[in-house]
Amino acid sequence: MIPHHEGALVMAQDVLSKSKRPEMKKLAQEILTSQEKEIDQMKQWRKAWYKQ
């Protein structure tokens, strides 16, 4: 799931850099914020559960 979420970050960053539409930029920023939090959570779980 982490690579899947990282893919969302790449796409959202692409929108931020290329889109001129404010609603798209807002959505992209929200995606970045939420996906980064979820990635951090999954990394914590992986470390706790699998010692990785």
Max mean-square fluctuation residue, GNM over the chain, Cα-Cα springs under 10 Å, options Lys37, Lys18, Lys26: Lys18
The chain: angle of helix 22-50 to the longest principal axis, Cα-based, in degrees nearest 10: 10 degrees
Set of lysines near Lys43 by C-alpha distance (under 21 Å), chain-local residues within fewer than 8 positions excluded: Lys51
Largest to smallest principal axis extent of the C-alpha atoms in the chain, angstrom: 43, 14, 12
Candidate lysines for bridging to Lys18, where Cα separation is under 28 Å - those fewer than 8 sequence places away on the same chain excluded: Lys26, Lys37
Between 0 and 90°, nearest 10: helix 2-18 axis offset from the chain longest Cα axis: 20 degrees
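Here, each number is a calculation from the coordinates, and none is a lab measurement. This is a predicted model, so every value here is computed, not measured.
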